[in-house]
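The values are calculated or read from the model by the stated rules, or taken from the named source; none is laboratory data. Predicted model, so just to flag it, every value in this text is computed and none were measured. Here the Cβ positions follow ideal geometry from the backbone for every residue, glycine too, while neighbour counts run over all protein chains shown. For accessibility, only protein heavy atoms count, side chains too; no ligands or nucleic acids. Shrake-Rupley method; radii C 1.70, N 1.55, O 1.52, S 1.80 Å.
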Amino acid sequence: MFGFTRPGTSADDDVFDMDFVRSQFPAFTEPKLTGWAFFENAGGSYPCLHAVDRLTEFYRRHKVQPYAPYPASREAGAQMDESAEALSPWLGVPADWIHFGPSTTLNVYVLSRAFRETWAEGDAIVVTSQDHEANSGAWRRLAETGIEVREWAVDGDGRLDPAALKPLLADGRVKLVAFPHCSNIVGEINPAAEICAMAREAGARSVVDGVAMAPHGLPDVGELGADVYLFSAYKTFGPHLGVMVASPELAMSLANQGHFFNAELPGKRLTPAGPDHAQVAAVAGVAQYLDAFDLHHFPEADPDPRARRTRVRTLIRAREMRLAQPLLEFIADTPAFRLLGPDDPELRAPTIALACKMPGETAAERLAARGIMAGGGHFYAWRLIQALGIDPEAGALRLSFLHYTSPEEVDQAIDALDALASGEV
């Protein structure tokens, strides 16, 4: 009908089991959501049943102060500890590298204070104009304390060119480079390992915002070489928490931000505001879902953690790229929309933002009339939206999806966008 390719069959169709995947998410059996296609996953994914069950179980059975010497408390502490232990093999780092905070924004804020106390006036840091404000604002504020803030600016397409980073590092004064693994607007996947290596060679630390990338397959942080990697559990099928990966050695080298009597505990130096205990316990449900996904799709495969990480990420990415293809083709053929970011699904995550002739929120409201749950606005990437020549007050329309999205829902989104472009809604 529209002259593009609908999601068809490919090699991973023989492996990927959509019925199984959707059975792992209670939202798909919720009557109030029937008929609605969820395309605002970049704002927060549906939670998996394993996380929901663990959260409910904790509130029912273990809602006491954890780590005390009585049974209910010991069980509560053990359930909380399970989360870091369960995530560890999926992130490729030891469990004691994993820290939980109330949000990624707060984790970065605390981290910026911890780093600042180890630097001298005149030291420099690099931030980008592609970032979500969570991984930009707190670092930029350090300019008020005598730190030089250098901006790694995007090009006209919203892309970060590693070649443009090199001169910013040339004088050896840069102490830290903060950048996104993937943009929540242009969707392009940055070469994080290459950028981390560039920072390391220049004597700088790297802080990677993985909030927009982690939902598409948890990264092997060890392979990336990031000093700090951050993402949000509520965008990776879990509760509303921020997850921060940083080694105990790094935590001990930074200024303590926790209570003075916890100063010798690496896991408490960078998360002074402890999040809800039940939510910490629920994060293990994310790993349980990935375990179940792997076992269902690859029952006879190599149980080695690295092999598991690779095959699960590969299958998820293949599924998402194939789902993205027809949507990107439709957008390319529709003059009413301007795609922000690359049109090649291999170069991006399926977070697809569009500039329209109307404010993004207005466009999202009109899509809702066709059963599409999408978002509109600047999505906390004000600087990027502005660099792309868009009024941040008007913002963009964003459709973002995950591996649990069905081909039929992609069709529904395309039909709704076609109606929007033609003025039918």
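The residues of the stretch 333-357 that are open to solvent by less than 20 Å² (accessible area, probe 1.4 Å) and either among the basic types (Lys, Arg) or outside the structural domain of Asp391 (by the TED database) (or both) amount to a single one, Arg348.
Please go through the stretch 17-54 and give me each residue that is part of a helix (DSSP H, G or I), among the acidic types (Asp, Glu) and without any contact (Cβ under 8 Å) to a residue 60 or more places away in the chain, ordered by number.
Pass one, the stretch 17-54, residues part of a helix (DSSP H, G or I): 18-23, 26-29, 31-33, 41-43, 49-54.
Still in the list and also among the acidic types (Asp, Glu): 19, 53.
Across the stretch 17-54, the qualifying residue is only Asp19.
Identify the residue in the stretch 300-322 that is among the acidic types (Asp, Glu) and not assigned by the TED database to the domain that holds Leu399 and, among all such residues, is least open to solvent (accessible area, probe 1.4 Å). Spell out how you get there, then give the answer.
Filtering the stretch 300-322 down to residues among the acidic types (Asp, Glu) leaves 300, 302, 304, 320.
Checking the rest, the ones that are also not assigned by the TED database to the domain that holds Leu399 come to 300, 302, 304.
Details: Glu300: 169, Asp302: 85, Asp304: 68 Å².
Per the criteria, the residue is Asp304.
A quick yes/no check of all residues on (1) over 24 Å from Glu82 (Cβ atoms); (2) polar (S, T, N, Q); (3) touching a helix residue (DSSP H, G or I) at 6+ places or on another chain (Cβ under 8 Å):
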{"site": "Val221", "(1), (2), (3)": "no, no, yes"}
{"site": "Phe237", "(1), (2), (3)": "no, no, yes"}
{"site": "Leu254", "(1), (2), (3)": "yes, no, yes"}
{"site": "Gly267", "(1), (2), (3)": "no, no, yes"}
{"site": "Pro275", "(1), (2), (3)": "no, no, no"}
{"site": "Ala278", "(1), (2), (3)": "no, no, yes"}
{"site": "Gln288", "(1), (2), (3)": "no, yes, yes"}
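Is it fair to say Ala214 is of a type in the set (Gly, Ala, Ser), surrounded by fewer than 16 Cβ atoms within 10 Å (Cβ to Cβ) and within 30 Å of Asp294 (Cβ to Cβ)? Answer is no for this residue.
The residue of the stretch 252-272 that is nearest to Ile98 (Cα to Cα), among those that are in contact (Cβ under 8 Å) with a residue 24 or more places away in the chain and in a helix (DSSP H, G or I), is Gly267. Taking the listed residues Ala255, Ala251, the one that is in contact with a Pro (Cβ under 6 Å, 6 or more places away or on another chain) and either open to solvent by 10 Å² or more (accessible area, probe 1.4 Å) or at negative phi (or both) is Ala251, with no other qualifying.
Yes/no per residue for (1) closer than 26 Å to Val221 by Cβ; (2) of a type outside the set (D, E, K, R); (3) touching a residue at least 12 places away in the same chain (Cβ under 8 Å); (4) not assigned by the TED database to the domain that holds Cys182:
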| residue | (1), (2), (3), (4) |
| --- | --- |
| Ala324 | yes, yes, yes, yes |
| Leu327 | no, yes, yes, yes |
| Pro359 | no, yes, yes, yes |
| Glu365 | no, no, no, yes |
| Tyr380 | yes, yes, yes, yes |
| Leu399 | no, yes, yes, yes |
| Gln412 | no, yes, yes, yes |
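Within the stretch 364-373, not a single residue is modelled with pLDDT of 95 or more, crowded, with 23+ Cβ neighbours inside 10 Å and under 18 Å from the mean Cα position of the chain (by Cα).
Would you confirm whether any residue within the stretch 294-317 is among the aromatic types (Phe, Trp, Tyr) and assigned to a helix (DSSP H, G or I)?
So far as the stretch 294-317 goes, no, none of its residues is among the aromatic types (Phe, Trp, Tyr) and assigned to a helix (DSSP H, G or I).
In the set (1) of a type in the set (Ser, Thr, Tyr); (2) outside any helix (DSSP H, G or I); (3) under 30 Å from Arg159 (Cα atoms), the condition left unmet by Tyr67 is number (3).
The set of residues in the stretch 99-120 being without any contact (Cβ under 8 Å) to a residue 60 or more places away in the chain and open to solvent by 50 Å² or more (accessible area, probe 1.4 Å) consists of Tyr109, Ala120.
The criterion of being of a type in the set (A, V, I, L, M, F, W, C), under 30 Å from Tyr46 (Cα atoms) and either surrounded by fewer than 24 Cβ atoms within 10 Å (Cβ to Cβ) or touching a Gly at 6+ places or on another chain (Cβ under 7 Å) (or both) does not hold for Leu169.
Does any residue of the stretch 237-248 turn out to be open to solvent by 10 Å² or more (accessible area, probe 1.4 Å), assigned by the TED database to the domain that holds Glu75 and more than 21 Å from the chain's Cα centre (by Cα)? Checked against the condition, which is being open to solvent by 10 Å² or more (accessible area, probe 1.4 Å), assigned by the TED database to the domain that holds Glu75 and more than 21 Å from the chain's Cα centre (by Cα), the stretch 237-248 yields at least one hit.
Please state which one of Leu397, Leu402, Leu384 is assigned to a loop (DSSP other than H, G, I, E, B) and either open to solvent by less than 10 Å² (accessible area, probe 1.4 Å) or aromatic (Phe, Trp, Tyr) (or both). Break it down into steps so the answer makes sense when it comes.
Details: Leu397 fails: assigned to a loop (DSSP other than H, G, I, E, B); Leu384 fails: assigned to a loop (DSSP other than H, G, I, E, B).
Step by step, each of Leu397, Leu402, Leu384 is checked, and only Leu402 is assigned to a loop (DSSP other than H, G, I, E, B) and either open to solvent by less than 10 Å² (accessible area, probe 1.4 Å) or aromatic (Phe, Trp, Tyr) (or both).
The number of residues in the stretch 381-425 that are in contact with a Gly (Cβ under 9 Å, 6 or more places away or on another chain) and among the hydroxyl-bearing types (Ser, Thr, Tyr) comes to 1.
Residue-wise test of (1) of a type in the set (A, V, I, L, M); (2) over 15 Å from Cys196 (Cβ atoms); (3) not assigned by the TED database to the domain that holds Gly203; (4) not in a loop (DSSP other than H, G, I, E, B).
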| site | (1), (2), (3), (4) |
| --- | --- |
| Val126 | yes, no, no, yes |
| Gln130 | no, yes, no, no |
| Ala134 | yes, yes, no, yes |
| Ala138 | yes, yes, no, yes |
| Val149 | yes, yes, no, yes |
| Gly156 | no, yes, no, no |
| Lys166 | no, no, no, yes |
| Gly172 | no, yes, no, no |
| Val177 | yes, no, no, yes |
